[in-house]
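Let me begin by presenting the structure, written as structure tokens, before commenting on it.
The values are calculated or read from the model by the stated rules, or taken from the named source; none is laboratory data. On a predicted model such as this, the values are computed, not experimentally measured, just so you know. Note: ideal-geometry Cβ built from the backbone for every residue, glycine included; neighbour counts use all protein chains shown.
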Amino acid sequence: MVKELTILGSTGSIGRQALDVADMHGIRITALTSNSRIDILENQVRQFSPEAVAVADEKKAKELKIKIADTGVKVLSGSGGVTECASMKTQCVLNSIVGIAGLGGTVAALEAGNGLALANKESLVAGGSHVTRIAREKGISILPVDSEHSAVFQSLAGCKDKKQIKKLILTASGGPFFGKTKKELENVTLEQALSHPNWAMGAKITVDSATMMNKGLEIIEAAWLFGIKSDKIDVVVHRQSVLHSAVQFVDNSVIGQLGVADMRIPIQYALTYPDRAESPVRELDLTEYMTLTFEKPDYDAFPCISYCKQAFERGGLAPAFINGANEKANELFRSGKIKFTDIPKAVENALTVCPVKNDCSLSDVYEADSLARQTTEKLFGL
Ligand code: NDP
Ligand code: MG
């Protein structure tokens, strides 16, 4: 089990659950970061006494500095402050920032030679080739926090040769709109999109789950994490969220990981790996579920899954571009400026207009992200 930990995005849904786990096991906190919610961060500073904190919003950072002056904790600011926290020497950096804003922290943690537990899937989607190259060069194995990827990782324990893997089976809850047709999705509201049946998560990923873009992003995330081609990654809708994902091997044996839907299990496994420890999560009682169901996704109503696969297969900047378009469209939907069904339109449009460039640097990735956001705003006349 890790003894010291930095959490990027500690004020969010994953960040707060990670602190729960750290608290239970007495893990020392090196640094914590947030974007702007300084009240939550102040409480965390007082409870966990980190060496430093960073607030991405410069003005809020100044406010926090005054609020916690009595603690002597160093307060950094801006995205530079966040990456500085990621670079501070520690055993493990858990990156739970949402969106491409997390890419800098992922890269900084790896370059500093820190271990990395990754919840921020957008880092791998947009910057997969860079992130995995740096990890390889530094000899660091990225530990997945995303529940499906943790399930695959756990199912692969003992598999020494990737050739023995036939396919990865990623499960999806289907979100709040499973069973609805494309037409019925036209008029769904933000409130409906935000009421996920099984998981309580941040707003962006909850909307991504409703469009099933989340599952598309997870295909790309899995392809980079496990070095598997996207055509060997299947998606199965499993409404109960009990089987968190599985691996089918060449002998057609399937190994999966089951548990109640609580992110503290995968968060904790990334911190205890390769060991296991008691967790604050309740036991799984299989008899509570009369039936476990498995169905094919409706690719017509939820086309984002296919767009993500296509973007990954195209390579280069395509995944960064569709990720940027989705982030922008997701944000526009949450602020009431576009309809739910405009989100897949934005992703499809991004796939059509995406610039072709194969040999790309990290700054190309950031440029593609900002171009994709502009393209999306233009698409809706904003
Ligand atoms: P939340 O929105 O709850 O939290 C996001 C965190 O990131 C907050 O601490 C927020 O700070 C910080 N943040 C936001 N924008 C910036 C920025 N520009 N710069 C620096 N920090 C920023 O998100 P979740 O915890 O739900 O998700 C985090 C990541 O984990 C996502 O990539 C998501 O896909 C992934 N994930 C989440 C799961 C879940 O159950 N929630 C499950 C699997 C994966 P502030 O609070 O100040 O706004
Ligand atoms: Mg997931």
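Residue check: is Ala246 small (Gly, Ala, Ser), in a helix (DSSP H, G or I) and closer than 19 Å to Lys166 by Cα?
So Ala246 fails the test.
Which one of Leu194, Leu168, Leu156, Leu190 is at pLDDT 95 or above, touching a helix residue (DSSP H, G or I) at 6+ places or on another chain (Cβ under 9 Å), within 16 Å of ligand 2 (Cβ to nearest atom) and not assigned by TED's automatic domain parsing to the domain that holds Gly324? I'd like the intermediate steps shown before the answer.
Details: Leu194 fails: within 16 Å of ligand 2 (Cβ to nearest atom); Leu156 fails: within 16 Å of ligand 2 (Cβ to nearest atom); Leu190 fails: within 16 Å of ligand 2 (Cβ to nearest atom).
Only one candidate passes the filter, namely Leu168.
Of the residues that sit in segment 104-134 and are part of a loop (DSSP other than H, G, I, E, B) and either under 23 Å from Gln17 (Cα atoms) or touching a residue at least 40 places away in the same chain (Cβ under 8 Å) (or both), which one is farthest from ligand 2 (Cβ to nearest atom)?
Here the answer is Asn114.
In the set Leu76, Leu5, which member is within 14 Å of ligand 1 (Cβ to nearest atom) and touching a strand residue (DSSP E or B) at 6+ places or on another chain (Cβ under 8 Å)?
On inspection, the qualifying residue turns out to be Leu76.
On the given criteria, is Ser141 within 21 Å of Ser96 (Cα to Cα), modelled with pLDDT of 95 or more and away from ligand 1 (no atom under 15 Å from the Cβ)? First the steps, then the outcome.
Numbers: within 21 Å of Ser96 (Cα to Cα): yes; modelled with pLDDT of 95 or more: yes; away from ligand 1 (no atom under 15 Å from the Cβ): yes.
Criteria met by Ser141.
For segment 144-168, which positions are surrounded by fewer than 23 Cβ atoms within 10 Å (Cβ to Cβ) and not in a helix (DSSP H, G or I)?
Result: Leu156, Ala157, Gly158, Cys159, Lys160, Asp161, Ile165, Lys166, Lys167.
For the condition under 23 Å from Ser36 (Cβ atoms), part of a loop (DSSP other than H, G, I, E, B) and out of contact with any His (no Cβ under 8 Å at 6 or more places or on another chain), what is the one hit in Val93, Val98?
None of the other options fit; the residue is Val98.
Please tell me if Ser129 is within 21 Å of the chain's Cα centre (by Cα), of a type in the set (S, T, N, Q) and away from ligand 1 (no atom under 11 Å from the Cβ).
Taking the combined requirement at face value, the residue satisfies it.
What residue, of Ser96, Ser10, Ser36, is near ligand 1 (Cβ under 8 Å from one of its atoms), surrounded by fewer than 18 Cβ atoms within 10 Å (Cβ to Cβ) and touching a residue at least 12 places away in the same chain (Cβ under 8 Å)?
Ser36
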